[in-house]
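Worksheet for the structure shown next.
The values are calculated or read from the model by the stated rules, or taken from the named source; none is laboratory data. Please read all numbers here as calculations on a predicted model, not as lab measurements. Virtual Cβ from ideal backbone geometry, glycine too; neighbours counted across all protein chains shown. Accessible surface areas use protein heavy atoms only, side chains included; no ligands, DNA or RNA. Shrake-Rupley method; radii C 1.70, N 1.55, O 1.52, S 1.80 Å.
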Amino acid sequence: MTRNIWRWSCCWVVGCALAGQAEPVADVVIYGGTSAGVVAAVQAKKMGHSVLLIEPSRHIGGLTSGGLGMTDSGNRTVIGGLSREFYQRVKQHYDQDSAWTLEKKADYKFIKEESDTLWRFEPHVAEQIFHDMLREVGVEVIFGERLDLKNGVKKDNARITRIVMESGKTFAGKIFMDATYEGDLLAKAGVSYTVGREANAKYGETLNGIQVAHAKSHQFLRPVDPYITPGDPASGLLPGIQVGGPGQDGAGDQRVQAYNFRMCLTDLPENRVAYSRPEGYDPLRYELLARYLTPTWNDIFGNHQAMPNRKTDTNNHGGFGTDDIGMNYDYPDGDYATRERIIKEHETYQKGLMWFLANDPRVPAAVRARVGPWGLAKDEFVDNGNWPRQIYVREARRMVSDYVHTEHDCRRTRVTPEPVGMGSYNMDSHNCQRYVDAKGHVRNEGDIEVNPGAPYMISYRSLRPAIFVKVLLTATSLKSGRFIWTWIGSHALLTP
């Protein structure tokens, strides 16, 4: 599946400031306090550069501190640098008896005394570690500033001179990096990018584009009627099912793999917040799942991973799960209002799903008994109603540079030029659409889970955007379980 390295690294250089600006000039200005942004800031500071880290929200760490506590790490021998240091710090934290407030350390099977790393953690612990890393090297973090999407990038020819926030504040720098999931600075700077899926034919791939034949995981495993009135197409489709077929296998489209929230749940009564029925709850939204569940078959909670202190990282699983399939297409290129609407819809859907599973009489009693004892962790996301602050943006904009990382690089069927990093996780994309097949049953489309078999190389050329100037920087990405160590250096300046 073609995915430019933007999906993994999130960090790239977009320009250079001219000397003599009125406002203070930092060597490196990083927009986005995701895990990628944090470690890029830390490394740049360690190398002696002045750094400004700008985070639009009030929290740092992105998904790593937003509920994704079970790291999909692939081959861990390729994880080094600041990535590995993060997990070493996680282990150091949980080696302390004081860290185990809700569970006995001896009862947690994933911590190994002989190891110097731990790959599972609570959200608030991850955020504190990131704060510690930034504080120790003296990185200044500016919270609550969003890029002005209309006039936010000021350039002199191809060079960025400053960026402008919605508040009117400006930040000048020698080097600018976009470490957000959305890539707004990338787009507004004029860097080429794409959204959606390329056709297989574009890069000679097999796992790109529409994937009907390959979509076997997280699939409906038995026939389910899609119509509001079973058997009656005239009654209309149930919510979440699109009109029309999926399209031709391998063809490109603008669909984006589904988003969700990585919930941090617990079954400890003293730390549990019961599921609440969200405002805007629509029982019909879950009728499809009600028809799918049976007293003897209940494919839910299949990706319910144990974190320390009796908490979880609960992710999507099954044919109908926490992924809000088909509801995020407008997110990548959307303005802030559009994205906020989409985020709210996903929150309502997922909160409603948990309420439905725990309370609705259409759900088999065995399922309600299994889901009901769980709830949101009371001591996580305390300023957001215990709900994760960060939606799981699995992909949005993807930079298109001189070299595009494709399935061929992951499978190592071609020589990756100028390798500066490594990846080891699966070629992994979640479902993109839900439709009615030729037999009149519901199907999901888009899921790809293919293990490349071994770690693979990542090219420097795929990290280099269309606007680029001399920079010497090490950046490490923790995003979505894809880890790379990157050393960037160039004298080239390209016009977008």
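Projecting the Cα atoms of Tyr331, Ser192, Tyr94 onto the charge dipole of the chain, computed from C-beta unit charges around the Cα centre, puts Ser192 farthest toward the positive end.
Per residue, how many Å² of accessible area does region 86-210 show with a 1.4 Å probe? Let's see the in-between values first.
Details: 5500 Å² over 125 residues.
Roughly 44 Å² per residue, with all protein chains present.
Segment Phe143..Ala438, full-extension length gain: 101.1 nm, with 0.36 nm per residue of separation and the alpha-carbon distance subtracted.
If you take every residue apart from Gly453 with its C-beta less than 9 Å away from the C-beta of Gly453, what net charge results, scoring Lys and Arg +1 and Asp and Glu -1? Around Gly453, the surrounding residues sum to +2. In the structure shown, do any of Lys311/Lys344; Lys351/Lys378; Lys154/Lys174; Lys45/Lys188 have a Cα-Cα gap over 18 Å, and if so which? Lys311/Lys344; Lys45/Lys188, as the Cα separations exceed 18 Å there.
The stretch between His124 and Asp267 holds 49.7 nm of extra length on full extension. This uses 0.36 nm per residue minus the Cα-Cα distance. For a modelled paramagnetic label at Asp95, 7 Å from Cα along Cα-to-Cβ, the residues of region 109-126 in reach, with backbone nitrogen under 16 Å, are 111-120. In the chain, the DSSP-assigned H stretches of four residues or longer account for a calculated mean residue ellipticity at 222 nm of -5500 deg cm²/dmol, using -39500 (n - 2.57) per stretch and the full residue count as denominator. Protein heavy-atom surface of the chain, 1.4 angstrom probe: 51% of the accessible area is carbon and sulfur, with nucleic acids and ligands not counted. For region 339-452, what does the alpha-carbon gyration tensor say about shape, rounded, prolate or oblate, given a ≥ b ≥ c as the root eigenvalues, a/c under 1.5 as rounded, and a/b over b/c as prolate? It comes out prolate by the Cα gyration axes. Multiplying the residue separation of Glu418 and Arg135 by 0.36 nm and removing their Cα-Cα distance gives an extension gain of 98.5 nm.
Can you give the accessible area per residue of region 317-395, in Å², using a 1.4 Å probe? Per residue, region 317-395 has 37 Å² of solvent-accessible surface. The local environment of Val28, defined by Cβ-Cβ distances under 10 Å, has a net charge of +1 under the rule Lys, Arg +1 and Asp, Glu -1.
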